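> Here it is, the structure, as structure tokens.
The values are calculated or read from the model by the stated rules, or taken from the named source; none is laboratory data. Just so it is clear, the model here is predicted, and its values are computed rather than measured. Backbone-built Cβ (ideal geometry, glycine too); neighbour counts: all protein chains shown.
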Amino acid sequence: MSAQILEGNVYAAQIKAEVKAKVQIAKDTYKIIPGLTVIIVGENPASKVYVNNKHKACEELGISSEVVSLPETTTKEELLSEIDKLNKNTAVHGILVQLPLPQQISDYEAEILEAIDPKKDVDGFHPVNVGRLGIGKDSLVPCTPHGCIKMLEFAGISIEGKKAVIIGRSNIVGKPMFHLLLAKNATVTVCHSRTKDLADITREADILVAAIGKPRFVTSEMVKPGAVVIDVGINRIAEKKLVGDVDFDAVKEVAGAITPVPGGVGKLTIAMLLYNTLKAIELQYNINLG
Ligand code: NAD
């Protein structure tokens, strides 16, 4: 039997509805207009598309959105000074530095991300937020893995007591996913490029998360019948063709539920960025927006 398809649009709309309600409370009850500023350095065309999509999504939900466009030649000091201004600006609740950075400053990426006020760090990449997530404290959580958890919750898929296997251990997806699933009481295994007998491990998974960056890497033989398969991968295999890390057509015949690519997890990321902007306000003002 074919798997339930977990459509990203459906869950992104639910997350956005939650955010919209919070925006209203922030405005009506606290007289706060939520503000997100995205800094983009240089002319990377893909980054420009992402930033534009983020800007449009903010406008849709009543979040004030600024884009600070800096030239390709921006120095580390100039970028740090821009971040410092935004940290001090009380009308800005969320700050995001669009990655990747141009070559001359890419080596300083960690230092640049650490310069963002942790309470305004809507990407959830600051070491303070990474650490707080690890010890189960309230924090700003990376958008993509957090979106996956929200989607499971909205879809009514229970996590507690399940065996979850993550393929990929990046700081952006795999590691935060580990902490989030553990916090929901799953028994979690993290696999990576040096893992031996990978398929033996993935076949044990009730929930399998693929965050590898290799087209159609997860085959049907690697999936337990009925498992929930979350495909985080986005791989361009031709000019207009995106595929995930999972061999969708084959795996959907084995899995119980599966996210498509495109149209799956990717749809949740921007919704979670808006969610984090409102979460940032809650942290900065020590309030609860419902
Ligand atoms: P990454 O390159 O930082 O990490 C890839 C991970 O896969 C590594 O930990 C590596 O150990 C593991 N890996 C590589 N080859 C492997 C193998 N043969 N067997 C087992 N593990 C292997 O990538 P990332 O930033 O975590 O991104 C992963 C994928 O998710 C990419 O396709 C990326 O484009 C996509 N992504 C999507 C979103 C979204 O919004 N949907 C957000 C972030 C990343």
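> Criterion first (surrounded by fewer than 22 Cβ atoms within 10 Å (Cβ to Cβ), within 21 Å of the chain's Cα centre (by Cα) and within 14 Å of the ligand (Cβ to nearest atom)) does Pro176 satisfy it?
no
> Asp123 passes all but one of (1) within 16 Å of the ligand (Cβ to nearest atom); (2) over 14 Å from the mean Cα position of the chain (by Cα); (3) among the acidic types (Asp, Glu); which number fails?
Asp123 satisfies all of (1) within 16 Å of the ligand (Cβ to nearest atom); (2) over 14 Å from the mean Cα position of the chain (by Cα); (3) among the acidic types (Asp, Glu) except (2).
> Now for a separate question. Please pick out the residue among Lys85, Lys119, Lys137 that is in a helix (DSSP H, G or I) and surrounded by fewer than 20 Cβ atoms within 10 Å (Cβ to Cβ).
Among Lys85, Lys119, Lys137, only Lys85 is in a helix (DSSP H, G or I) and surrounded by fewer than 20 Cβ atoms within 10 Å (Cβ to Cβ).
> Of all residues in region 185-211 being assigned to a loop (DSSP other than H, G, I, E, B), more than 9 Å from the ligand (Cβ to nearest atom) and surrounded by 17 or more Cβ atoms within 10 Å (Cβ to Cβ), which is nearest to the chain's Cα centre (by Cα)?
Among those residues, the one meeting the criterion is Ala186.
> Looking at Glu18, Glu111, Glu59 in this structure, which one is out of contact with any strand residue (DSSP E or B) (no Cβ under 6 Å at 6 or more places or on another chain), under 29 Å from Asn286 (Cα atoms) and without any contact (Cβ under 8 Å) to a residue 12 or more places away in the chain?
Glu59
> Show the residue pairs meeting these rules: Cβ distance below 7 Å; 6+ apart or different chains; first residue within region 271-283 and within 14 Å of Gly35 (Cβ to Cβ); second residue assigned to a helix (DSSP H, G or I) and aliphatic (A, V, I, L, M).
Leu274/Val19; Leu274/Ala57; Leu274/Leu61; Leu278/Val19; Leu278/Val23; Leu278/Ala26; Ile281/Ala26
> Suppose we filter Ile166, Ile157 for residues that are buried (at least 17 other Cβ atoms within 10 Å of the Cβ), at pLDDT 95 or above and part of a loop (DSSP other than H, G, I, E, B); which single one remains?
Being buried (at least 17 other Cβ atoms within 10 Å of the Cβ), at pLDDT 95 or above and part of a loop (DSSP other than H, G, I, E, B) holds for just one of Ile166, Ile157, which is Ile157.
> Take the residues of region 30-52 that are free of Cβ contacts under 8 Å to residues at least 60 places away in the same chain and in a helix (DSSP H, G or I): which is surrounded by the most Cβ atoms within 10 Å (Cβ to Cβ)?
Val51
> Give region 88-108 a look and list any residue that's over 20 Å from the mean Cα position of the chain (by Cα) and either more than 23 Å from Leu283 (Cα to Cα) or surrounded by fewer than 18 Cβ atoms within 10 Å (Cβ to Cβ) (or both), or say none.
If the condition is that a residue be over 20 Å from the mean Cα position of the chain (by Cα) and either more than 23 Å from Leu283 (Cα to Cα) or surrounded by fewer than 18 Cβ atoms within 10 Å (Cβ to Cβ) (or both), then Lys88, Asn89, Thr90, Ala91, Pro102, Gln103, Gln104, Ile105, Ser106, Asp107, Tyr108 are the ones that fit.
> For Val254, state whether it is more than 26 Å from Leu140 (Cβ to Cβ) and either among the hydroxyl-bearing types (Ser, Thr, Tyr) or more than 12 Å from the ligand (Cβ to nearest atom) (or both).
Here the answer is yes, as Val254 does meet what is asked.
> Test Gly233 against the stated conditions and say whether it is outside any helix (DSSP H, G or I) and within 8 Å of the ligand (Cβ to nearest atom).
Yes, satisfied.
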